[in-house]
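The values are calculated or read from the model by the stated rules, or taken from the named source; none is laboratory data. As the structure is a computational prediction, the values presented were derived from the model and not from experiment. Using ideal geometry, Cβ is built from the backbone for each residue, glycine included, and neighbour counts are taken over all protein chains shown.
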Amino acid sequence: MISDWQSALKRLTLIFLALLLAGWLIGAPALVVLVGTIVYLIYHLRQLRRLYNWLRDNQNSEPSPPPEGHGIWGFVFDGIYLLQRRERDALTHLRSIIDKAQESTGALEMAVVMISNKNGLEWWNPAASRLLGFQSPKDRNQPVTNLIREPQFIDYYGKGHFSSPLKLSSPVNPALMLEFQITSFGDGERLMLVRDISQLYRLEMMRKDFVGNVSHELRTPITVITGYLETMLDDRQNIAPRWSRPLEQMYQQSQRMENIIRDLLTLSQLETRSASKQLSAVQLQSLLREIKQDAEQVSQDKKQVFQLDCDPDIYIRGNINELYSAISNLTINAAKYTQAGGNISLNAYTTRDGLTIKVTDNGPGIEAHHIPRLTERFYRVDESRSTDTGGTGLGLAIVKHVLARHGGRLDIASKIGDGSQFSCLLPADRVLTAEQANSRSPAG
Ligand code: ADP
């Protein structure tokens, strides 16, 4: 490249010197140099025109070989031709990748939708047309929330928290249950994956209905059995002594069954009934005071010390029965699993993120590897200890569901020997001040 440039410079210098010499010989050096420069300019202008024509002809077609050129112009023509070829090759390669991606997503059962940073539809596969009713090219660049108008979707999309998927029926076929998963990428663009989960959803509904129905059907027989056993035990003096212990055990077990059925029914209702829209404003301090009193009664014999710390000005927008059930489960657990004379505290405070309600005990604590599984149904750290205390293994599953229905979550921290801390975290939009609560619902 440098040698081309240098030889062109050399050639130019030689021509200039030759012109100067010829001009000097005929006695008109300026004129000869001027004529020479004009010829030189014309030569370069011609080469430029060839380059221009070639580039113009190549604009919309495959690059044709460059015009024949010498010296520096030959290098320029060849260099541009090489760059053009490289660009075309890269373009063809990219196009083939895009074609392959489109072909493979076209064959997918799952809908794939690309959304621009202005929330308009950029591209979607055939499954998206089938599941969501998008029509090409009519819906291109239309805002996605204009095409899927369900308030739940608009809320989910607007909030931008996509860590858990959204389940919603299809806007074109209500019989289809869809699962939406959205990921952000690039410069505010989004990729939306939509899966048909109708089959799974039906099975899940069948499971929930089955558990609900079985618990419901078993409730009456168990209540009758427990009732008779209770009556028989009340009349102990008329029963042969050898039957006394078996009857007591039968009574205990039937009570356990009653508890399990009660908790299963509660869970099934939490799972199947949609969260109530008519929420009251619950004064947290009085709710916690009531729970504390109940727990004190339950743990009367253990002489445990209960403490309560909650600002009377905190109100929660929620379902009072569900909230009572959740916090009471945690408090009764603390009482159940903490040794006699132990300390149990209930304390609630607001932060910028919302509300925290903490139930803390100085009981035996829980080993770290159990903690992630505690909210699973029937998961118990110590089977014998839990059944001795009348536990069903469903309490924390109920707590988790209730908090999820209030937009919150359960956080568990524990250290063996030191005790445990169960924190209910509720979002800021659930917290009201006394003033707000009174203006909303005087009865709350
Ligand atoms: P259970 O009805 O058996 O108490 P839960 O779902 O309420 O069921 O609790 C699950 C398990 O978590 C319990 O079996 C117990 O082992 C453990 N656990 C719950 N709360 C505490 C606590 N405060 N201290 C120690 N262990 C606890």
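A few comments on the model shown:
- Among the conditions (1) exposed (fewer than 15 other Cβ atoms within 10 Å of the Cβ); (2) within 16 Å of the ligand (Cβ to nearest atom); (3) not hydrophobic (A, V, I, L, M, F, W, C), the only one that Tyr349 does not satisfy is (2).
To keep it simple, each residue is scored yes or no on (1) of a type outside the set (Gly, Ala, Ser); (2) within 30 Å of Gly212 (Cβ to Cβ).
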residue: Ser286; (1), (2): no, no
residue: Gln293; (1), (2): yes, no
residue: Val298; (1), (2): yes, yes
residue: Asp311; (1), (2): yes, no
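- Some residue of segment 406-415 being within 8 Å of the ligand (Cβ to nearest atom), on the phi > 0 side of the Ramachandran plot and without any contact (Cβ under 8 Å) to a residue 60 or more places away in the chain: no
- Residue within segment 376-397 that is assigned by TED's automatic domain parsing to the domain that holds Ile316 and more than 12 Å from the ligand (Cβ to nearest atom) present: no
- All of Leu330, Leu323, Leu267 fail the test of being under 22 Å from Leu374 (Cβ atoms) and assigned by TED's automatic domain parsing to the domain that holds Val211, apart from Leu267.
- Filtered by the rule that a residue be among the hydrophobic types (A, V, I, L, M, F, W, C), out of contact with any Asp or Glu (no Cβ under 9 Å at 6 or more places or on another chain) and within 21 Å of Tyr40 (Cβ to Cβ), segment 50-75 gives Leu51, Trp73.
- Filtered residues of segment 186-204 (kept if under 13 Å from Val113 (Cα atoms) and out of contact with any helix residue (DSSP H, G or I) (no Cβ under 7 Å at 6 or more places or on another chain)): Glu189, Arg190, Leu191, Met192, Leu193, Arg195
- Looking only at segment 416-444, and only at residues there that are within 15 Å of the ligand (Cβ to nearest atom) and not in a loop (DSSP other than H, G, I, E, B), the one that is nearest to Gly354 (Cα to Cα): Cys424
- Selection count, segment 100-136, where residues are loosely packed, with under 14 Cβ neighbours inside 10 Å, modelled with pLDDT of 90 or more and not charged (D, E, K, R): 2
- Against the list (1) within 22 Å of Asp187 (Cβ to Cβ); (2) in contact with a strand residue (DSSP E or B) (Cβ under 6 Å, 6 or more places away or on another chain); (3) charged (D, E, K, R), the condition Lys167 fails is (1).
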